[in-house]
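Participant: Handing you a structure now.
Each reported figure results from applying straightforward, stated rules to the coordinates on display, with no laboratory input. On a predicted model such as this, the values are computed, not experimentally measured, just so you know. Here the Cβ positions follow ideal geometry from the backbone for every residue, glycine too, while neighbour counts run over all protein chains shown.
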Amino acid sequence: MSNKPTAIILCDYWYPYISANSVCVQAILSALERIYNVIVIAADEPVENVASNVKFLSVGDIGINSALKRVKRSQFLTRFLKLSYKPIAAMNIFRFPIRSLRWAHRYAKKAASVFESNNVRLVLAVSYPAEAVLAAKFLKRRYPDVTAIGWFLDATAVGV
């Protein structure tokens, strides 16, 4: 990486479905890349390359991303995997508050590992729901000199 400062983007999913968050992040990646070395920390990593110099780190939520990589040539298997994930996603609704706090700590821990070896100057937490913003709050306590921005998406953006 170059001598540019680093920006960390905390986001939710790229797969099994592209989320509103990842669509919004993709829209600003090229502008951010001009100023920062960008590291995206998400629940998973995109199957296809979405940006040239952006590094993706996963908090390791689900194994569907690795499964999609293995079957990416088969549309049938890809659709089957995405469909089979729906009941798992539905189960998460019932344990949401506990799961959200655990996720926020996972995001913060992964981001803290980036702080140790990079010149981090910006944390952009793109959130719907609030796990990434809560993680940015944890990071702000630990690294008060870094600019942390919470970007809450509204109902319109979520419908993207």
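Participant: Report, by chain and number, residues whose modeled amide H sits under 5 Å from the one on VAL120, excluding near sequence neighbours (fewer than 5 apart, same chain).
Facilitator: THR6
Participant: Using a Förster distance of 30 angstrom, determine the FRET efficiency expected from the C-beta separation of THR147 and SER117, and round it to 0.05. If you can, show how the numbers build up before the last one.
Facilitator: Details: r = 19 Å, r/R0 = 0.63.
After rounding, the FRET efficiency stands at 0.95.
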